[in-house]
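Colleague: The following block contains the structure, expressed as C-alpha cells.
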Amino acid sequence: MTTVNDIADILRIIREQPEWADALRGALLSRELLEMPQRLAEFTEVANRRFAALESDVAELKSDVAELKSDVAELKSDVAELKTDVAELKRDVSEIRGDIVGIKGELNRHSGELGNLRGAEYERKIGNNINSIVAQHLGIRRVNVLKGFNAPGVMPYFDLLDDAEDRGVIDQQQRLNAGSIDFAVQGIKRPEQSTIYLALEVSITVADNDIERAEDRAHILSLATGSPTLPVVIGANIDQARHEFAAQRGVTLIAVAD
C-alpha cells in the first residue's frame, strides 16, 4: 500500500500512475475546464480557417487594388492623351475658323465686286435705253441726258449746280448731293409741252434709301433749275413695300428687267 505523507508523494504517484492523474483532474477540475483543451483546439482550427480565408481575401483585395491602380494609371494616361487631342482639335478648329473668316471675306469681296459689276452693267443698260424708258413710262420726249451713262457731257450739269450755289438757291452740301445722282434728265412733258427734269436713281433691287435719294435730289434739282423735277427710281426687283413707300414720298417707280 502506498503511503502519502506530503504533496511530493502525491506528485510522484501521479507521475507513476497516469490514470490517477486523469482521475485526479476529474475530481479537481470542472467539466468546462476539462473540455478546455478540446475547445481550444477547435477554436484554433476555426481561427486558422478564418485567418486563411482572410489572408485569401486580403490577397485578392491587394490584387484588385493593384489592378485598380493600373486602371487608374491607364485612365490618367488616356485623359492626358485626350487633353492633348482636345488641345490639338481646338487649334485646328481655331485655324478652320480663321480660314472660314478669310473665305467669307473673300466671298463678300467678290460678291461686292460682282454686285458692282452687275449694277454697272444694269446702269449701262438703262443709259442705252433711257429715251424709250422715260417716253414709254412717263410720256417724256426730246430727252436730254445731263448726267449719267451716255450723257454727251457732264460739265453743263455741274455748271448748272455751281450757278445755283452761287445764286444761293442751294448750299454746298446740296450741290454735292445732286452731283452724285445716277441720271439727271431734261425733257418735254406731253401733252403740256412743258420742260421737266428727272432726278433718276437706278438700282437692281430697289431699297428705301434709293427712293429717299431720288426724292432729295429731285428737290435740289428743282431749286437749281426753277423747273418741276420728278423723282424716279428704276429697278429690276421692286416689292410691294417699296411701292407703298414710294407712293407716300411721291416717287415714281419703273420696273425694268436686268
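Colleague: Among the residues in segment 163-186, are any more than 51 Å from the chain's Cα centre (by Cα), buried (at least 20 other Cβ atoms within 10 Å of the Cβ) and farther than 19 Å from ILE130 by Cα?
Modeller: Yes: segment 163-186 contains one or more residues that are more than 51 Å from the chain's Cα centre (by Cα), buried (at least 20 other Cβ atoms within 10 Å of the Cβ) and farther than 19 Å from ILE130 by Cα.
Colleague: Here is a further query. Among what's in segment 131-150 and is modelled with pLDDT under 90 and over 13 Å from GLY179 (Cβ atoms), pick the residue that is surrounded by the most Cβ atoms within 10 Å (Cβ to Cβ).
Modeller: Applying the filter and picking the extreme gives PHE149.
Colleague: Among the residues of segment 189-248, how many are part of a loop (DSSP other than H, G, I, E, B) and either of a type in the set (Asp, Glu) or in contact (Cβ under 8 Å) with a residue 60 or more places away in the chain (or both)?
Modeller: Matching residues across segment 189-248 total 2.
Colleague: How many residues does segment 157-172 contain that are of a type in the set (Gly, Ala, Ser) and part of a helix (DSSP H, G or I)?
Modeller: Number satisfying all stated conditions: 1.
Colleague: Scanning segment 218-236 for residues that are small (Gly, Ala, Ser) and either touching a strand residue (DSSP E or B) at 6+ places or on another chain (Cβ under 6 Å) or outside the structural domain of TYR157 (by TED's automatic domain parsing) (or both), which turns out surrounded by the fewest Cβ atoms within 10 Å (Cβ to Cβ)?
Modeller: SER227
Colleague: Something else now. Please verify whether segment 89-99 includes one or more residues that are without any contact (Cβ under 8 Å) to a residue 24 or more places away in the chain and in contact with a strand residue (DSSP E or B) (Cβ under 7 Å, 6 or more places away or on another chain).
Modeller: no
The values are calculated or read from the model by the stated rules, or taken from the named source; none is laboratory data. Please read these numbers as outputs of a predicted model, since none were measured by experiment. With ideal geometry, Cβ positions are generated from the backbone for all residues, glycine too; neighbour counts draw on all protein chains shown.
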